[in-house]
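Take a look at the structure below.
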Amino acid sequence: MKLGVVGLGHVGLVSAACFAHVGHDVVGVDARPERIDDLESGKMPFYEPGLEKVVAEATSAGRLIFDRDLANAVRDADAVFICVGTPSLSSGEADLSQVEGLAVQLARHLGDGHYRVLVEKSTVPVRTGERIYRTIRRLTDDEFDVASNPEFLREGSAVHDTLHPDRIVLGSPSPRATEVLERVYQPIVERSGCETVVTDVYTAEMIKHASNAFLATKISFINAVAELCEAVGADVEVVAKGMGLDPRIGSGFLRAGIGYGGSCFPKDVAAFAALGERLVGDFDLLRAVQKINERAPRRLLDKLRSELWYFNEKRIAVLGLSFKPGTDDMREAPSVRVIRALLDDGAQVVAYDPVAVPKAKEILPPEVEFVSAPLDAMEDAHAAVILTDWDEIQGLSPDDFRRTLRFPIVADGRNLFDPEEMRRAGVTYLSVGRKAVHP
Ligand code: UGA
């Protein structure tokens, strides 16, 4: 099939490459000329394992073309995927101006008598598909449908998630659009055996927001339980294990820690809560999820402060900067808040991350020092704070902390180490939802 993909961010670029990988002819466009320049020269705009290879194979087979001109993504296309950004407004609601702008531009390129499905893949509030349809309908008499096909890929495993999804959700307004979308996904359904949920557009939009909000709720729930565990001396890791063995609860997304970050959960929870408040009066459940998430970094720093007395003039090693391993994405990464708070309190910060340093340098204050190995960060530091569960950090031994740090004090926002082993190695170890241990 011939497909257009508009917006080559995480969702758009991975989708374009994977559609081409399974045999479709794809034209990917982006309004940022530098993004197209980079892609044409084989440079990936972000770190995503396996993406470079899939893009290189698809472009050299001639099945994936990058272009600056929207017309080339629309001409001859059976379906055009809308993957532009939907950032947050200050109210928390989604800023749909890029979607609206694209709808107007798309209308200009229809009008050739060829039926197309315009597919929203960006995460949007329920009813956006209808607004896109009306905007375009006002400007053209051509035949088209607007469908919703939410994306469930995770950064760090995006290529795998796209080629082997748990489910495909097709929100379609007509049997004709459904048929086009089912043909698009047929090769992926065949190879993965996943189930397809075919529904209306509103329901598909709702599935996406509800899924992300639910996962964020699971994380905040276990983080709230972690706070209680600390108060009573219980161990949240064992509580999560005991809960997760019940298949009705499930063990996924029950890891207590520094809270969720990234470009999706914080934005989607805010937008879903704002939508609920506007349409039905309140969504207090999600407001509580946000509150618990916001206090997680502060709580970890409070524990560390109580060991060090003051951060002023203390050198703190920050291990891990990206919001999770497998990505260089710094959007809403807890490390940004932690580092700013440390600097505000007069600490010197020396930071390590295996891939996110270039992106981190763009957003963190210039006084942060960066090093290329975790042990270098800890050399001469008074304490270490662990913020991302990278293998390079999990692979450290308790002895590494004791030998390298000036004071062997570790505040671990990811619960990567066994408290008893840390204690035996002579480390003061402060983790989440477990007893603090001292040598
Ligand atoms: C998330 C969803 O998992 C994807 O299904 C969805 O497609 C995507 O958002 C999106 O809407 O585009 P992603 O943001 O890549 O994917 O990251 P996750 O792996 O879901 O992790 C989100 C955050 O939750 C991270 O900060 C992670 O450290 C944290 N987390 C996750 C926990 O604190 N505890 C857990 O048990 C799991």
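The values are calculated or read from the model by the stated rules, or taken from the named source; none is laboratory data. Worth saying up front: this structure is predicted, and the values here are computed from it rather than measured. In this analysis, Cβ positions are derived from the backbone assuming ideal geometry, glycine residues included, and neighbour counts consider all displayed protein chains. Heads up: the accessible areas ignore ligands, DNA and RNA and are worked out on the full protein's heavy atoms, side chains in. Shrake-Rupley method; radii C 1.70, N 1.55, O 1.52, S 1.80 Å.
According to the square roots a ≥ b ≥ c of the eigenvalues of the Cα gyration tensor, what is the shape class of segment 177-222, taking rounded for a/c under 1.5, prolate for a/b larger than b/c otherwise, and oblate for the remainder? In terms of gyration-tensor shape, oblate.
Working from Cα pairs under 8 Å separated by at least six residues, relative contact order for segment 265-430 is 20 percent. Among PHE323, PHE283, PHE401, the residue with the largest mean-square fluctuation in a Gaussian network model of the chain, with springs joining Cα atoms closer than 10 Å, is PHE283. Calculated accessible area for the chain comes out at 44 Å² per residue, all protein chains present (probe 1.4 Å; ligands, DNA, RNA ignored). Each residue of segment 180-196 was assigned a 3J(HN,Hα) from its phi angle through the Karplus curve 6.51 cos²θ - 1.76 cosθ + 1.60 (θ = phi - 60°); the sequence is 4, 5, 5, 5, 4, 8, 3, x, 6, 5, 4, 7, 9, x, 7, 7, 10 Hz, with glycine and proline shown as x. GNM on the chain, alpha-carbon springs under 10 angstrom: the most fluctuating residue among ASP246, ASP399, ASP353 is ASP246. Going by a ≥ b ≥ c, the root eigenvalues of the Cα gyration tensor, does segment 163-285 fall in the rounded group (a/c under 1.5), the prolate group (a/b larger than b/c) or the oblate group? It is oblate, given that a/c is not under 1.5 and a/b is not larger than b/c. Along segment 14-31 the Karplus relation, 6.51 cos²θ - 1.76 cosθ + 1.60 evaluated at θ = phi - 60°, assigns HN-Hα couplings of 5, 5, 4, 5, 6, 4, 5, 4, 8, x, 7, 9, 10, 10, x, 10, 8, 6 Hz to successive residues, with x for each Gly and Pro.
GNM, the chain, Cα, under 10 Å: largest mean-square fluctuation among THR327, THR196, THR217? Sorting by GNM fluctuation, first place goes to THR196. When both bridge partners sit in the chain, DSSP labels roughly 5% of those beta bridges antiparallel. In the chain, helices alone account for a calculated mean residue ellipticity at 222 nm of -14500 deg cm²/dmol, with every DSSP H run of four or more residues adding -39,500 (n - 2.57). Under 5 Å between amide hydrogens, built in the peptide plane, is the criterion, and for ALA333 it picks out GLY262 among residues at least 5 positions away or on other chains. Taking amide H positions as modeled 1.01 Å from N, with prolines and chain starts lacking one, the residues under 5 Å from VAL385 and 5 or more places away or on another chain are ALA317, VAL318, LEU319, ALA411. Applying both filters, DSSP loop and at most 13 other Cβ atoms within 10 Å, to the GluC sites (Glu not before Pro) of segment 358-434 gives GLU367.
For segment 147-178, backbone nitrogen atoms closer than 20 Å to the point 7 Å from VAL189 Cα along Cα-to-C-beta are found at 147-153, 161-178. Ordering GLY276, VAL385, GLY261 by the projection of their Cα atoms onto the charge dipole of the chain, which places +1 on the Cβ of Lys and Arg and -1 on the Cβ of Asp and Glu, puts GLY276 at the extreme positive end. In terms of the Cα gyration tensor, with a ≥ b ≥ c the square roots of its eigenvalues, is segment 2-199 rounded because a/c is under 1.5, prolate because a/b exceeds b/c, or oblate? Taking the square roots of the gyration eigenvalues as a ≥ b ≥ c, segment 2-199 is rounded. Rg/Rh for the chain stands at 1.01; both radii use Cα atoms, and Rh follows the Kirkwood definition.
Placing unit charges on the Cβ atoms only, positive for Lys and Arg and negative for Asp and Glu, gives the chain a dipole magnitude near 800 debye about its Cα centre. Database remark: amide H of VAL80 closer than 5 angstrom to the amide H of GLY4, VAL117, LEU118, VAL119 (H placed geometrically; neighbours at sequence offset of 5 or more, or on other chains; Pro and chain starts carry no H).
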